[in-house]
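Visitor: One structure coming up, written as structure tokens, with questions to follow.
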Amino acid sequence: MISLAKFDRFISSLWNIYQKSLAEGYNQKIFLQILRVDYMCHQSGDSGKDEIKQVEINTMASGMGYNAGRVSLLHRQVLKWSNYTNILPKLLANEPIQKIAQGFIEAWKMYNVREAIILFIVLDWEVNLSDQRRTEYEIISKETDIQIQRCTLKEMYQYGYVDENKVLYL
């Protein structure tokens, strides 16, 4: 990452935050990482062989869990319509919304503070609202004791603070 930081301002900012966190120390004992890995069907021009290719690993956000499941169903239907049914057995079930929600729930339980909330940091003008809300609904449908809040980075800056124990309050 450090080599990319020389050329990319965003990566450089992330690297600086990371370095500052290491220098100051942090008391975070629980980490939840949600990765979204995107694949596409590919037909090799040379052999004509059908393949599934990885095209992205998203490490910055937990979005698209609900929509990904719907797109997966659409892909299956399109493959049926276009007589590419030979690819269907290669496609795995894709309902990530349940796993994403369960990850949030397990992290909340491990944190072991009943008053703790799950915080969704969103854009000022959020275009992915429907997908994010489905994630929220999936969480609270499985664990009704969890409180979920949404706020923008601007709101975090205005109202949020970290106490002497490095606990974030909003």
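The values are calculated or read from the model by the stated rules, or taken from the named source; none is laboratory data. As the structure is a prediction and not an experimental result, all values here were calculated from the model. FYI the Cβ positions are ideal-geometry reconstructions off the backbone, even for glycines, and counts take in every protein chain you see. For the accessible areas, the whole protein counts, side chains as well, though only heavy atoms, and no ligand, DNA or RNA atoms are used. Shrake-Rupley method; radii C 1.70, N 1.55, O 1.52, S 1.80 Å.
Visitor: State whether one or more residues within region 74-97 are under 30 Å from Gly160 (Cβ atoms) and of a type outside the set (D, E, K, R).
Guide: Within region 74-97, one or more residues are under 30 Å from Gly160 (Cβ atoms) and of a type outside the set (D, E, K, R).
Visitor: If you go through region 87-110 one residue at a time, how many are hydrophobic (A, V, I, L, M, F, W, C), surrounded by fewer than 17 Cβ atoms within 10 Å (Cβ to Cβ) and modelled with pLDDT of 85 or more?
Guide: Summing the residues that are hydrophobic (A, V, I, L, M, F, W, C), surrounded by fewer than 17 Cβ atoms within 10 Å (Cβ to Cβ) and modelled with pLDDT of 85 or more in region 87-110 gives 3.
Visitor: Of the conditions (1) assigned to a helix (DSSP H, G or I); (2) within 18 Å of the chain's Cα centre (by Cα); (3) among the polar types (S, T, N, Q), Asn94 satisfies every one except a single condition; which number is it?
Guide: The single condition Asn94 does not satisfy is (1).
Visitor: What about Tyr66, is it within 30 Å of Glu51 (Cα to Cα), touching a helix residue (DSSP H, G or I) at 6+ places or on another chain (Cβ under 7 Å), hydroxyl-bearing (Ser, Thr, Tyr) and in contact (Cβ under 8 Å) with a residue 24 or more places away in the chain?
Guide: yes
Visitor: Taking the options Val71, Val113, Val78, name whichever one is open to solvent by less than 100 Å² (accessible area, probe 1.4 Å) and under 17 Å from the mean Cα position of the chain (by Cα).
Guide: Sole residue among the options that is open to solvent by less than 100 Å² (accessible area, probe 1.4 Å) and under 17 Å from the mean Cα position of the chain (by Cα): Val71.
Visitor: Exactly one condition in (1) more than 26 Å from Glu24 (Cα to Cα); (2) within 19 Å of the chain's Cα centre (by Cα); (3) surrounded by 10 or more Cβ atoms within 10 Å (Cβ to Cβ) is false for Phe120; which is it?
Guide: Only one criterion in (1) more than 26 Å from Glu24 (Cα to Cα); (2) within 19 Å of the chain's Cα centre (by Cα); (3) surrounded by 10 or more Cβ atoms within 10 Å (Cβ to Cβ) is unmet by Phe120, namely (1).
Visitor: If His42 satisfies every condition in (1) farther than 22 Å from Arg133 by Cα; (2) part of a helix (DSSP H, G or I) but one, which is the exception?
Guide: (2)
Visitor: I would also like to ask the following. Only one of Ile97, Ile2 is in contact with a Phe, Trp or Tyr (Cβ under 7 Å, 6 or more places away or on another chain) and under 21 Å from Val122 (Cβ atoms); which?
Guide: Ile97
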